[in-house]
Amino acid sequence: MKKLFLIFAIPLLISLNANALFEIRAGYGVQTPGEQDVSATQNLSTMSGFNLDAIVELPMVPVGLGLRYEDMGFDFNQSGVSFESEMQRTSILVNYRIIDMFLYFGAIGSIGLVNDASISAPGNKAEFKSSMTYSLGVEGGLSLGLMQVGAELGYLGANFEEDTNVYGSDLDLSGMYAKILVGVGF
């Protein structure tokens, strides 16, 4: 039992803090918005895409502030008709790490500053805007020197109003999301 304890305790004692003064992370994620009709016979079930984060960690405080850019969407063909959806978000990030050693774990949230979405089909494209989107979640991972590997799981609140009059209703892309993140910290 002592050996097992030492195997887990030694890396925690000799490792550097997971937080750095500045972190750059890239991620890939999936999101499952609530039931959203894209056409008469097709619902939007899963979106996927990439994100890029830049976070400044406050020294001696487990809080970080930063920016996130996300580009999510989906493509599918149905009966020869091609549909495409996109969502771009630029948001302010805030994270609070409860554990910040060799392993890190904590809460993360964002408030969207620029929020755009669109749904395209041959011949029409509906544009959507939102004054505010938000996300709340948990993040965790492993710090390997300068490299970080982690994951994030949470809820995205994203309601969009149509700018054009093509789609005929608002777009609700709210739902659960999950991301895998890799990054470096300086």
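Before moving on, here are some points about what is shown:
- Taking region 106-133 as the range and being without any contact (Cβ under 8 Å) to a residue 40 or more places away in the chain and among the hydroxyl-bearing types (Ser, Thr, Tyr) as the test, the residues that pass are Ser118, Ser120, Ser130, Ser131.
- Selection status of Asn165, in a strand (DSSP E or B) and not hydroxyl-bearing (Ser, Thr, Tyr): no
- The lone criterion from (1) at pLDDT 95 or above; (2) more than 20 Å from Thr32 (Cβ to Cβ); (3) touching a Ser or Thr at 6+ places or on another chain (Cβ under 6 Å) left unmet by Ala126 is number (1).
The values are calculated or read from the model by the stated rules, or taken from the named source; none is laboratory data. No experiment lies behind these values; they were computed from the predicted model shown. All Cβ positions, glycine included, derive from the backbone under ideal geometry; neighbour counts span all protein chains shown.
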